[in-house]
Each structure stands twice: as C-alpha cells, then as structure tokens.
Amino acid sequence: MSEKKGWFSKITSGLKKSTDKLSHGIGAIFTKKKLDNETLSDLEDLLITCDIGVEVTGKILASLKKTRFGEDVTDQEIKEFLASDIVKIMEPYEQEIHIESGITNVIPIIGVNGSGKTTTISKLAQLWRDQGLTLSLVAGDTFRAAAVSQLKIWGDRLGIEVVSGEENADTAALAFEALQNAQKKHVDILLIDTAGRLHNRADLMAELDKTQRALQKLDPAAPHQCIMILDATTGQNLYAQVETFKKYINVSGFIMTKLDGTAKGGVLIGLVDHFKLPVFAIGVGEKAEDLKMFNANEFAATLLGLASDDGTS
Amino acid sequence: MFDGLSNRLGVIFDRLKGRGALNEGDVNEAMREIRIALLEADVALPVVKQVIQDIKEKAVGQEVLKSITPGQMVVKIVNDHLIQLLGGEASPINLNAPAPVVMMVVGLQGSGKTTSVAKLAKYLAQKERKKVLMASVDVYRPAAQEQLEILAQQNSLLSLPIVADQKPVDIVRRAYDQAKKSAVDVLIIDTAGRLHIDEQLMNELKAIYASMPITEVLLVADAMTGQDAVTMAKAFDECIELTGVILTRVDGDARGGAALSMKVVTGRPIKFVGLGEKVDQLDVFHPDRIVSRILGMGDVVSLVEKAAEMIDQEEAEQLAKKMSKGQFDLNDLAKQLQQVSKMGGLSGLINFLPGISKFQDKIKESGIDDRMVARQLALIRSMTPQERRNPKLLNASRKRRIASGAGMLVQDLNRLLKQFQDMATLMKKMGGMGKGKGFLKNGLNNLLFR
C-alpha cells in the first residue's frame, strides 16, 4: 500500500483493480466489432461478472440496444454510453450523511456478520472527530467474543469515549443509557455498533426494532441516520438483506465496504434503484482515509475503466 | 423469483408439446432460463457457461420431450449434474500426518475465520477425540487474538497464550513448539483476513505455509459471496495450495452459488459448512443440499435438522404421545409457537421450503407474519393454567378478560381457539400415521421429483 496518494487516485486505483477485467473485456469485444446480438450477449456476460445481476444488466443493455444496435461502435463509445446510464440511475442517490447541529445525532451501524461495521465506525468516528464534532461510541455488539475490545481499542486510538456493558448485555438498554448520557453532555454524534446478524434470524432482527424503540423514547426522531453496511464481495443476496433490515429498522442509506478487492460491487446499481436509498460512502481500504464519499460518476467510470489516472477530477 | 425454474422450463416445453422434435432453438431457450437461475444464485459466469455446455449435451441425449413433465426432467438433469460437480460425497478432514497435524485457515476479512477455527477445534475435540491447540496470528485487526482466546475459554478449548508484538511467523513457530511439548494432536492456525491482491499479506501467508508441514489449508468463504468467488479462491489456491473450503453463513438465505464456483475453479472440495454463530454449529458438507438451494428448490433437509436441533427430543416425544391420544392442549400450542419463533419465525422457516417463493406475495397479503405468532402467544399467556389445559372452561367473561389482558379483541381469541380446535382434530386423525421422519422424507421426494 503506497502511503501518500490523492484521494481520487486512491479510489481510482482501488476501484481499478476491480474494473480491469471489465474494461479489458469491453476493449476486447468492441475494438473491431459491430453492435450485434452476439456482442450484446458478451457484454451482458461482462456486466454480470461485476455482480450487476441479470435483471439490471438487461435494463442497462436494453437502451444500448435500442439506440445503437447495428452501428459500428468503438470501445470508448460503449463505455461512455453504459457509464452515463449507470450514472443516470445512481446520481440521485449520492448523498452525504446529514448531521444536525444542536442535538445528539443517533447513528446505529447495522449489517450482517463480517460486513465491516466496526472498521467503518472507526473511520466515520475519525472523520467526524477531525471535523471538530464530539462523539461517543456504543459497543452494542455484546454477543461476539472480543467485539467490545475491538471497538475500545479504536476508541483509545482516536481518543473517543466508548460506552460498553456486560457481556451479553441488552443492546437496547445499553443504547438507551448511552443516549441519555450523550444528550446530557451535548455530544454531537452517538455512533452505535451493533452485532452482526443474518437477516433471516427473526429473533436478532427483532432486537434491532427494540433498540430503535428504546432510543425513540428519548428522541422520537432517533435514529437520525441508520447506516447499513454492505460487503462488496456479496452477490445478489444483498437484495434479501436490505429488504429484511428495512422491515425492522429505518435504514437511511448504505456504505459499501471492501471495494479495494477484485469484487465489483455492481449490485449497488440495482440496490439503490430498487430501494431508493442513498449511498453515503464506499470503503476502499483499512485506513480512515480509505472511506470515500460516494460519487456516481466515479463509480461508473471506474467500473467501466473510464477514469483517468492523473489524480484530477 | 427463480424458484420457478422448473415452472419456467415447464412453460417453454409445454409450448413445444405435440411438435415432436426438439430443435436447437428450444434447447437454447431452456438453457437460457437455467443460465439466469444459476447467475441469480451467484454461480460465477465461467462456471455457469461450463455447466450449461455439459447440461445441454445431457439434455439433448435424453429425449426430454417424451417425459410428461419435461421441465422437471431438465431440472433433475441439472440437479444431478451439479451434485456430481460438487463431488457427490462429503469429503473428510485429513488427520493423516504425524502429530501435531497442522491446519491453517485463510480467507478474506469478515468471512468468518475465527469462528470457524473454534468450530473446527470443537469438532475435532468432540467427534475425533483430538487434543487441539488454536493459535491466532492475526496481529492486525484489533482484539482478534483476544477473540480466539475468549472462544477457547468459553468452550473449554486450548489457545496459545498471547504474547504482544510478536510477528506471525514467530507466533506460528511458538505454537508448533508448544503443540509438540504438550502432546497436542492438532494445531489450528487462524490467520488475519486479507485481500487476495494484497501482495505483502499474501507473501506473509506463503512464509507461514513454508515454515512447517501443513496438512490442511482451508479457505473460509462466505456463502453469500458473489461473482468474485472464483477470482478470490483461485488467488488463494495459487498462493498456497488449498486442501479444502469451509463455507460459512449457510444458515443465511443466500443461494450459495459460490460453493459451486469455488469447487469447479479450484477443484478443492468443500469440507464443512458453518450454520450459525455458536461453536457447535459446524457440519460436514452435503452437496445435494446446496444444489437444492442453488436451484431454489428449498432445503428441507436442513430445515428438519434445524428443527431437530431446536426441539428438545424428550419434549417432542411427549408431545407426540399427547397428540396421538388427542390430549393436545393450549400449553402445547404455546410451546410450538415458541419453537417457531426460536427457529427464526415463520418468515425464517418459509425460506427453507421448496416452491414457497411463488407464494410469498400471497403470504404477505394474508397477513401471516411473525407478529401473528407473538400475538397468539400473548393470548395464551393471558390464560390461567387451568384454562390452558382445558379451553372448554372459556366462557364469555373469561374470554373478555383474556383478550383485554393480551391487548386484543375477543374475536382474535376466538380465531385462535378455532385454529387450536382444527389442529387438535387433525392431530387425532394423524395419530395413526407412521413416524414423522419417513413422512418427511417421502414428502421431500414427492415435492422434488414428481
């Protein structure tokens, strides 16, 4: 990992790894070919390998087919066309996490096991701390062994208070108490770490609902933002995950992690379109600065290998 | 969505009925449906293509059209072929080396390595009667080593004492020495999560791998993994020769296409599946079950096992006895409802059932959801013990008391009682039927291969 890099080139290099295959693939298909059924089918394959999914791929290709079918097209043209379509779908969902001033913003971080909740919390905490906001972290994962220690270590490193309870303590009660204290101390943001849970575990999902209700007793508007963490290596199951989490807690948007690998995260295109929820950020590495604001143009461009490497945007 | 695979194939073949020969175009259309089904189950594209090629040959050879239900015939061909690809039989863990047998667990961040290490240790300790030592060389994630230590303490397993600031290769050496000294049979090394393109960390794996003879190198991979499964598995396999895969989060509702992708691309067998967060929730891999899920045919076997795990055997037998005698009371109904919610609620159970997704919208419409179970439980809990044993006691005033105690209407209670009455009657009728297991097994066969 190289140390000093502009944020754009970092996201580009992070995402580029994930897009090399796609852009090369498109290059190989379109250098000398007419846009016919066979090429479209190859193109479909390539989009599918990015986890974009059969249905969304079909939608994206339909407009390409409608407007350009039978024409001689270059690699670049196809890329630009597809990118603009993807941007059209995703741009409305670029959004920053809104922090209201004058209140304690309650922000639970939720997701399935291993999606990167605690790591993302540490990144968000550092980001906000550096903006001069005051924070308190709640170690709400009282289930997994050493999960509390993991967050505490982060808290120590960042100089941020971590509220924790006994092992297997009730997360709802813990969150309630933490919010009470945070409100007293006029803390700007209360970030709540939650235990990873598979969405088909109804008992654990009900606990989320309970936590939400407990928080609402202190502030009916809580949670002010509820961020769901999505793992880019996950495939089409993300639809089922979001669908279920939404049923139990007011999900306000996503952060997609692990986009620095070779997983393409293309499923995000369909997700925002289907659930009409914004993407707050993407994770492209383990360091705090590896959490990037989500930008539809960059996402599409890097996915299709259109981004420039000169570090300007 | 795609659990309609056999339905959709059925539609295609129905159209062809009476036309006789099956032409290339028809087969292609059917193959396209299979392709979509596999892709939606997250099977990687190169693997899908290979599978389609093989199946096409098989399907054409087998006069599919003459079968009464050609759609299902093709699904059966696909089913059998995928099982064959996954290796057919379960693949046992290799303990065939001089002690201490060293095993190493690798994978991406968040795939479930540490939990899997503890599960594997518990499995070897219990099923194979081995003395197992676990050692974490994850010096990167905060509290990772502590996590393994806690898991060891909680489950009476051994873990290597933590020495701060030691390098992974040195920890491994220390673990090996200690394993030898204290006559340990199996040493399991838990490595840090890493990206397969992180050269520095992949080199670290190589160094650990080269430092001693390692019998099992197991890749831990999430059953929810998408198309990237092939790239990731290949990269790990090329770096250090894998001997198998542990597939985690199989207790989720992902179709698990990644299992097929990884097996086909690396040729390494899937040895275990993780079925929950508890340390005893590890099971040997059964190819046929994953294939049912990939094809969206549900996973009835796992459902039955899940039930068996949650339901107290003795209690169940008692209940069965009561049922056959027609003595099923509201206490028993309450117990049943509790078990349903323990097993993930109605919505959790429904996901396991074959063919159910077609009806999911209908189920939603009919208002059957997990809250219904909770409400019924509340009603039963508002009754006195006598009333639960003998619902006949319930007169109008008692009913009013119960309904208001549960925060519901008398109509709700009446509905519950009616349901209970129907159940009791049904159970009396079923009292004469054979044992549950045979019934379920036949039921499964009927559902899958009619």
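The values are calculated or read from the model by the stated rules, or taken from the named source; none is laboratory data. All figures in this text were calculated on a predicted structure; none of them were measured in a lab. Ideal geometry is used to build each Cβ from the backbone, glycine not excepted, and the neighbour counts take in all protein chains shown.
Can you tell which of B:A118, B:A143, B:A164 is closer than 28 Å to B:D228 by Cβ, in the same structural domain as B:V250 (by TED's automatic domain parsing) and either surrounded by fewer than 18 Cβ atoms within 10 Å (Cβ to Cβ) or free of Cβ contacts under 8 Å to residues at least 24 places away in the same chain (or both)?
On inspection, the qualifying residue turns out to be B:A143.
When the residues of region B:246-276 are narrowed to those that are of a type in the set (S, T, Y) and over 13 Å from B:D42 (Cβ atoms), which ends up farthest from the other protein chains (Cβ to nearest Cβ)?
Applying the filter and picking the extreme gives B:T266.
Counting only residues that are among the charged types (D, E, K, R), give me the helices (runs of 4 or more DSSP H) lying completely in region B:105-217 with at least 3 of them.
By residue number, B:113-127, B:168-181, B:199-210.
When the residues of region B:231-245 are filtered to those that are buried (at least 24 other Cβ atoms within 10 Å of the Cβ) and without any contact (Cβ under 8 Å) to a residue 60 or more places away in the chain, which remaining residue is farthest from the other protein chains (Cβ to nearest Cβ)?
The qualifying residue farthest from the other protein chains (Cβ to nearest Cβ) is B:V245.
Being in contact with a helix residue (DSSP H, G or I) (Cβ under 7 Å, 6 or more places away or on another chain) and in contact (Cβ under 8 Å) with a residue 24 or more places away in the chain is the requirement here; does A:G253 meet it?
no
Taking only pairs six or more apart or across chains, which ones have beta-carbon atoms under 6 Å, a first residue in region A:149-178 that is within 14 Å of chain B (Cβ to nearest Cβ), and a second residue that is part of a helix (DSSP H, G or I) and among the β-branched types (V, I, T)?
So the pair list comes out as A:Q150/A:T118; A:L151/A:T118; A:S164/A:V148.
Could you run through region B:108-148 and say how many residues are of a type in the set (G, A, S) and facing chain A (nearest Cβ under 10 Å)?
6
Mind checking which residues of region B:133-155 are at pLDDT below 95 and among the hydroxyl-bearing types (S, T, Y)?
The one that is at pLDDT below 95 and among the hydroxyl-bearing types (S, T, Y): B:Y140.
I need the full set of residues from region B:121-140 which are of a type in the set (S, T, Y) and crowded, with 24+ Cβ neighbours inside 10 Å, in order please.
As a first pass, look at region B:121-140 and keep what is of a type in the set (S, T, Y): B:123, B:136, B:140.
Hit for region B:121-140 is B:S136, nothing else.
Under the condition of being farther than 22 Å from B:V284 by Cβ and crowded, with 20+ Cβ neighbours inside 10 Å, which residue from region B:210-230 is farthest from the other protein chains (Cβ to nearest Cβ)?
Only one residue tops the list, namely B:V230.
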